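Encoded as structure tokens, the structure appears first; notes follow it.
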Amino acid sequence: MRIVAANWKMNLRCKSAVGLASRLRADGRSCWLFPAFPLLVPVAQVIAGSGLVLGAQDVSPEQDGAFTGEVSGEQLKDAGCELVLIGHSERRHGHGERHPLLVRKLKRAAECGLKTVYCVGETLPERQAGRAETVVGEQLGSLAKLSDSEKAQVAAVAYEPVWAIGTGENATPAQAHEMHALLRQSLERMGMKVPLLYGGSVKPENAGELLAQPHVEGLLVGGASLEYESLAAIDNAAREA
Ligand code: 13P
């Protein structure tokens with residue numbers, strides 16, 4: 001049984017998110033759901049007491065206070081979140097989030113009792129320049145700044161090559177395997193044993209072959225998580241893996 005995490009990004013509305021969550025609940029599924037902030041509470045109400053787990057897509061590095069537009073870890077917990085995504089490429093590249101800020105977010109989330117899903121991944125130019133492993137290794141280095149108790153709050157590390165996100169071009173199973181094996185080694189050196197997720201154009205058609213790789217313990221799904229049929233098909237593949 002592998003992890004299936006659904007990153008809904010800035011998609012869906014209250015009705016569609018609640019409808020999707022309700023169907024997943026009725027099936028007895030146990031995916032991790034990452035709705036946009038305004039959808040957290042309505043989705044939390046629908047999935048309460050089920051195997052589905054709620055997560056947010058970002059967290060402020062600050063505590064409650066005068067930080068317009070930010071959402072604190074305390075507020076996320078209050079909304080019913082157990083998880084938060086940190087270091088997604090759309091935050092790294094779209095919002096210039098870098099190592100020091102990501103470390104603060106990881107620490108803040110841990111302090112609030114939120115579990116983190118830490119995302120890493122190289123861009124296409126970085127891969128073409130033969131730097132994929134170096135870049136991902138450096139990104140992973142943020143976790144080395146955490147204390148043991150903060151490390152224990154890391155629920156998963158997600159490898160999401162930027163060139164595969166939303167492009168329809170997923171990493172091949174061999175590419176995913178290669179990077180996941182490297183991540184596994186680096187995490188072991190840090191004394192961390194966390195599940196590794198693959199993300200980037202995951203679809204029902206490729207979920208099984210990606211999950212067949214030894215170090216792919218789950219999937220982080222964007223576009224294909226927005227429709228019940230495709231998410232359920234990916235989750236079925238994960239149940240069979
Ligand atoms: P897609 O599945 O749409 O490529 O998105 C992947 C992703 O960014 C999940 O966090």
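Listed values, structure above:
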{"item": "Positions within region 41-67 being closer than 18 Å to residue 6 by Cβ and either in a helix (DSSP H, G or I) or modelled with pLDDT under 95 (or both), in sequence order", "result": "41, 42, 43, 44, 45, 46, 47"}
{"item": "Residue count for region 164-201, restricted to those that are over 16 Å from the mean Cα position of the chain (by Cα) and more than 10 Å from the ligand (Cβ to nearest atom)", "result": "20"}
{"item": "Residue list for region 20-43, restricted to those being more than 18 Å from the chain's Cα centre (by Cα) and free of Cβ contacts under 8 Å to residues at least 40 places away in the same chain", "result": "22, 25, 26, 28, 38, 41, 42"}
{"item": "Some residue of region 85-99 being over 19 Å from the mean Cα position of the chain (by Cα) and touching a residue at least 24 places away in the same chain (Cβ under 8 Å)", "result": "no"}
{"item": "Subset of region 27-45 [in contact with a strand residue (DSSP E or B) (Cβ under 6 Å, 6 or more places away or on another chain) and small (Gly, Ala, Ser)]", "result": "44"}
{"item": "Criterion (surrounded by 24 or more Cβ atoms within 10 Å (Cβ to Cβ) and touching a residue at least 12 places away in the same chain (Cβ under 8 Å)) met by exactly one of 123, 116", "result": "116"}
{"item": "Enumeration of residues in region 7-32 that are part of a loop (DSSP other than H, G, I, E, B), buried (at least 21 other Cβ atoms within 10 Å of the Cβ) and within 16 Å of the ligand (Cβ to nearest atom)", "result": "8, 31"}
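The values are calculated or read from the model by the stated rules, or taken from the named source; none is laboratory data. Fair warning: this is a prediction, and the values are worked out from it, not measured in the lab. Note: ideal-geometry Cβ built from the backbone for every residue, glycine included; neighbour counts use all protein chains shown.
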